[in-house]
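Structure first, then comments.
The values are calculated or read from the model by the stated rules, or taken from the named source; none is laboratory data. Bear in mind that the values here come from a model prediction, so they are computed numbers and not experimental data. Cβ sites come from the backbone with ideal geometry, for glycine too, and all protein chains shown count toward neighbours. Each accessible area value is taken on the protein alone, full model and side chains, heavy atoms only, with ligands, DNA and RNA left out. Shrake-Rupley method; radii C 1.70, N 1.55, O 1.52, S 1.80 Å.
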Amino acid sequence: MNKEELERLLADKKSKDLPYNHILSSMCTYPHEVAVYAHEMFIESNLGDSGLFKGTKEMEDEVIAIIGELLGNSNAYGYISTGGTESNIQAIRAIRNRRRREGLSDMNIIVPETAHFSFDKIADILSIEVRKAKVDHQLRVDPESVKELMDERTICIVGIAGTTEFGQVDPIEALSEIAEDSGIFLHVDAAFGGFVIPFLADRDKYKFDFTLEGVSSISIDPHKMGMSTIPAGCILFRDGSYLKELAVSTPYLTIKEQYSLIGTRSGASVAATFAVLKYLGKDGLKTVVDKCMKLTELLVNGAKQMGIEPVIEPVMNVVTLRVHDVDAVVKALRAKGWEVSTTRSPKALRIVIMPHVNDDTIESFLEALNEVVS
Ligand code: 0PR
């Protein structure tokens, strides 16, 4: 195939991918332009053998410090993973390995029933029992239910700061107290909310980070609200010795050991994350969140005017709406070119207001919704 033919073929495939402008179901978005620039510049960089890519490694170290500082601990230890799934796996694997070395077997962890499906993968991969704690009427995990499920083989409890389906924040402060009282590891899945909550006007209502003494690790994804390129997740530990639990020795590399789950690892998305954080800074990230939250309010108010109520008043830029016959509404919206998703329990229409959404998007989406429901 010559280059022109190939270009035509690629363009044809590209035309079948949906552009983000009508996608209201995704937690991904267009990467920021500086992310794209940096990604291309470091396209060949492989942090799997980081001694060869010292500049990229420097950027990773700085990104870890910046995100750590954002989450209340500039001395946190971690690395840039491929996303929330890898970060969650690695957090649980670290504490599993620690407790296994101490002689424990048949271990279990407790997650909210609203947890992301990556925890089902964790149960499978790590051969660990994943117990699901009940949530309250606001879809936040019930700390009493967590306590009831705990026993002497419980190695970790998990709280979610920004649930996938409802954008709700669990009472991490209460979980932190349970963790401290019982000496159990607390992992916070802030894959989505990590780049949102610190910039909310009412952020003090949603303490979730290392400023809570019981929080042991946090997962936060630059490739979601951090506007980086895919793949970019981040796992942070308060105590660096947990990274050691993940290390395997790598005799023929430029580095002695590797603690990432995968081997060859994109330096490009690390550079992209670095670029966004440097270029936008906290002020720029806040501007992104402010815009998404303003549009979230616009959507909820518009829906309420049609007599449609949200399942919860949105905490972040995830809106869930109570409509009759959700599946039929989704189908009808899709026929009008809108990609939305649904929640499981309660079943509702789910809309994520990512940075690619603007005033016009919300206005025309509300028009479509109005037509569909009436
Ligand atoms: N933890 C939480 C709270 C999440 O919401 C997600 C993903 C993960 C962990 C896993 O992250 P990775 O997918 O980066 O491994 N949440 C979305 C979901 O699965 C991701 C998503 C993104 C879904 C784009 C659809 C989509 O088009 O629903």
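Scanning residues 5 or more positions from Tyr79 or on other chains, those with amide H under 5 Å from its amide H are Ile235, with H placed 1.01 Å from N in the peptide plane.
Close amide H partners of Thr154, meaning residues 5 or more places away or on another chain with modelled amide H under 5 Å apart, are Asn108.
Over the chain, with a Gaussian network built from C-alpha contacts below 10 Å, which listed residue (Pro222, Pro31, Pro314) shows the highest mean-square fluctuation? Residue with maximal mean-square fluctuation among Pro222, Pro31, Pro314: Pro314. Think of the range 33-277 as having a plus end and a minus end, set by charges on the Cβ of Lys, Arg, Asp and Glu; of Ser145, Val248, Leu236, Val248 sits farthest toward the positive end of this dipole. Three semi-axes describe the equivalent ellipsoid of the range 294-371; taken as square roots of 5 times the Cα gyration tensor eigenvalues and ordered largest first, they are 16, 15, 12 Å. A simple rule links phi to the HN-Hα coupling: the Karplus curve 6.51 cos²θ - 1.76 cosθ + 1.60 with θ = phi - 60°, which for the range 338-347 gives 9, 9, 10, 10, 10, 9, 8, 9, x, 6 Hz, with x for Gly and Pro. Across the range 232-374, the fraction of Cα-Cα pairs farther apart than 25 Å, rounded to a whole number, is 49%.
Tell me the carbon and sulfur percent of the accessible area for the range 33-277, rounded to whole percent, probe radius 1.4 Å.
On the way: 4910 of 9860 Å².
That fraction is 50 percent.
By the Stokes-Einstein formula, at 1.567 mPa s and 4 °C, the range 63-211 with its Kirkwood radius over alpha-carbon pairs has D equal to 83 µm²/s.
Can you give the accessible area per residue of the chain, in Å², using a 1.4 Å probe? The partial results should precede the final answer.
On the way: 17040 Å² over 374 residues.
Roughly 46 Å² per residue, with all protein chains present.
For Ser26, the amide hydrogen comes within under 5 Å of the amide hydrogens of Val352, counting only partners 5 or more places away or on other chains and with H modelled in the peptide plane. Across the range 106-118, coupling constants 3J(HN,Hα) worked out from phi with the 6.51/-1.76/1.60 Karplus curve, θ = phi - 60°, read 6, 7, 9, 10, 10, 10, x, 5, 8, 4, 5, 5, 4 Hz, and Gly and Pro carry x. The Rg/Rh ratio of the range 173-275, with Rg taken over Cα atoms and Rh as the Kirkwood radius over Cα pairs, comes to 1.03. Dividing the convex hull volume of the alpha carbon atoms of the range 34-77 by its residue count gives 79 Å³ per residue.
So what is the 222 nm mean residue ellipticity for the chain from helices alone, if each DSSP H run of at least 4 adds -39500 (n - 2.57) and you divide by all residues, rounding to the nearest 500 deg cm²/dmol? It would help to have the intermediate numbers written out before the result.
Details: 11 runs with 152 residues, N = 374.
After summing the helix terms and dividing by residue count, I get -13000 deg cm²/dmol.
With the convex hull of its Cα atoms as the shape, the range 216-277 has an orientation-averaged projected area of 4.9 nm². Taken along its three principal axes, the alpha carbon spread of the chain comes to 62, 61, 39 Å, from the longest extent down to the shortest.
Heavy atoms only, probe 1.4 angstrom, no DNA, RNA or ligands counted: give me Lys3, Lys224 ranked by accessible area, highest first.
Greatest to least solvent exposure: Lys3, Lys224.
Value of Rg to Rh for the range 122-200, rounded to two decimals, is 0.97; Kirkwood radius and Rg both from alpha-carbon coordinates.
Computed 3J(HN,Hα) for the range 87-101, one whole-Hz value per residue from the Karplus formula 6.51 cos²θ - 1.76 cosθ + 1.60 where θ = phi - 60°, is 4, 5, 4, 5, 4, 6, 5, 4, 6, 4, 4, 4, 6, 5, 4, glycine and proline marked x.
At the listed q of 0.10 Å⁻¹, the Debye profile of the range 1-124, built from one uniform point per Cα, gives log10 I(q)/I(0) equal to -0.57.
Per-residue packing, averaged as other Cβ atoms within 10 Å, sorts the ranges 62-70, 315-323, 49-57, 188-196 into the order 188-196, 315-323, 62-70, 49-57, beginning with the highest.
Share of pairwise Cα-Cα distances greater than 13 Å in the range 258-302 is 68 percent (whole percent).
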